[in-house]
Amino acid sequence: MWLESRAQEIRAFDNTLLPGLLHTSQYARAAIAAAEYDAKSEQIDRWVELRMTRQGILERENPPRFSAIIDEAVLRREVGGPKCLAAQLRHLAGCATGPNIEIRVLPFSAGAHASPTGAFRIFTMEKPFPEVGYAETPKGAIYVESPDTQRFARTYDELQELTLTPEESAELISATAGKLLR
């Protein structure tokens with residue numbers, strides 16, 4: 001949260017779930033409940049509320065630039081069921097129209113890619129703070145400060161070369177949502 005709230009730019013790659021900053025509350029609840037399978041519903045409620053509060057950074061005055069690369073598999077993983085995912089994808093398409101948000105889909109046709117190990121974030125901070133790379137593991141998060149973030153940045157750039165354009169991505173997101181409701 002500290003990094004998100006102070007970042008000038010956030011670059012995210014996700015291959016299992018959508019970035020938390022773009023979740024609907026229903027999708028967030030389903031994702032959190034799956035990951036925190038032994039948590040009580042009151043705790044899940046607090047985490048969902050926190051996730052929704054975190055999203056405010058994208059709408060504040062001088063928001064960070066948020067660029068997300070989302071693996072196509074994430075668009076098809078029925079988190080919360082088909083109706084929940086369809087609503088989430090419609091929300092995602094709406095988020096993509098924000099002036100500070102860019103969403104790109106890494107299509108299945110890209111094949112093997114630069115991040116087979118999974119999701120990560122890069123936070124570009126105001127000086128004097130360093131750029132920070134972040135990756136979650138089942139045992140906790142890993143934080144890497146510049147100059148050691150170069151590998152994160154290069155991986156992100158390599159992934160971006162394989163993505164659909166933002167316009168093509170929006171079309172695929174909307175089409176996928178439409179198929180879920182049939």
- Calculated FRET efficiency, residue 76 and residue 157, Cβ-Cβ r, R0 41 Å, to nearest 0.05? 0.95
- Message: Would you report the distance distribution of C-alpha pairs in the chain as whole percents per 5 angstrom bin, up to the bin with the largest distance?
- Response: 1, 8, 16, 20, 21, 18, 10, 4, 1, 0, 0
- In debye to the nearest 20, how big a dipole does the chain give about its Cα centre with +1 on each Lys and Arg Cβ and -1 on each Asp and Glu Cβ? 440
- Note on the structure: Calc'd 3J(HN,Hα), the stretch 54-62, phi into Karplus 6.51 cos²θ - 1.76 cosθ + 1.60 (θ = phi - 60°), Hz, glycine/Pro = x, comes to 4, 4, x, 4, 6, 10, 6, 5, 6
- Query: What list of ³J(HN,Hα) couplings, whole Hz, do you get for the stretch 158-163 from phi and the Karplus terms 6.51, -1.76, 1.60, once you set θ to phi - 60° and write x for glycine and proline?
  - Reply: 5, 5, 4, 4, 9, 7
- Note the full-extension length gain between residue 109 and residue 9 as 0.36 nm times their separation in residues minus their Cα-Cα distance, in nm to one decimal. 33.2 nm
- Item | Projected-area average for the stretch 11-108 over all orientations - Cα convex hull basis, square nanometres | 6.2
- Message: Just to verify a number: what accessible area does residue 47 come out at with the full protein assembly present, 1.4 Å probe, Å² rounded to tens?
- Response: 90
- What is the antiparallel percent of DSSP beta bridges lying wholly in the chain, to the nearest 5? 55
- Query: Under a plain spin-label model, where a point goes 7 Å from the Cα along Cα-to-Cβ, how far apart in nm are residue 42 and residue 145?
  - Reply: 3.8
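Between rounded, prolate and oblate, where does the stretch 91-182 land on the alpha carbon gyration tensor, with a ≥ b ≥ c its root eigenvalues, rounded for a/c under 1.5, else prolate if a/b exceeds b/c?
It comes out prolate by the Cα gyration axes.
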- Scoring the chain by relative contact order with C-alpha pairs under 8 Å, at least six apart, yields a percentage of 29
- Message: At 1.4 Å probe size, with the rest of the protein present, what percent of the exposed accessible area of the stretch 89-182 is carbon and sulfur atoms?
- Response: 53
- Given 32, 57, 94, which one lies farthest toward the positive end of the charge dipole of the chain, if we put +1 on the Cβ of every Lys and Arg and -1 on the Cβ of every Asp and Glu? 32
- What residue among 105, 173, 163 has its Cα farthest toward the positive end of the dipole of the stretch 76-182, where the charges are +1 on Lys, Arg and -1 on Asp, Glu, each on the Cβ? 173
- Note on the structure: the chain accessible area per residue, 1.4 Å probe, protein heavy atoms, integer Å², reads 56
- Karplus ³J(HN,Hα) for the stretch 112-124 (6.51 cos²θ - 1.76 cosθ + 1.60, θ = phi - 60°; Hz, whole; x = Gly/Pro) runs 4, 9, 6, 10, x, 7, x, 6, 7, 10, 10, 10, 8
- If each part is reduced to its alpha-carbon centroid, the stretch 49-68 and the stretch 103-182 end up apart, in Å, by 17
- Summed over the other residues with a beta carbon less than 10 angstrom from that of residue 108, with K and R at +1 and D and E at -1, the charge totals -1
- Query: For the chain, what is the calculated [θ] at 222 nm in deg cm²/dmol (nearest 500), taking -39500 (n - 2.57) for each run of four or more DSSP H residues and dividing by its residue count?
  - Reply: -13000 deg cm²/dmol
- Take the solvent-accessible surface of the protein heavy atoms, probe 1.4 Å, and return the percent of it on the stretch 1-82 that carbon and sulfur atoms account for. 47
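The values are calculated or read from the model by the stated rules, or taken from the named source; none is laboratory data. Please read these numbers as outputs of a predicted model, since none were measured by experiment. Neighbour counts are summed over all protein chains in view; Cβ atoms, including those assigned to glycine, are modelled from backbone coordinates with ideal geometry. Please note that ligands, DNA and RNA were not included when accessible areas were found on the heavy atoms of the full protein model with its side chains. Shrake-Rupley method; radii C 1.70, N 1.55, O 1.52, S 1.80 Å.
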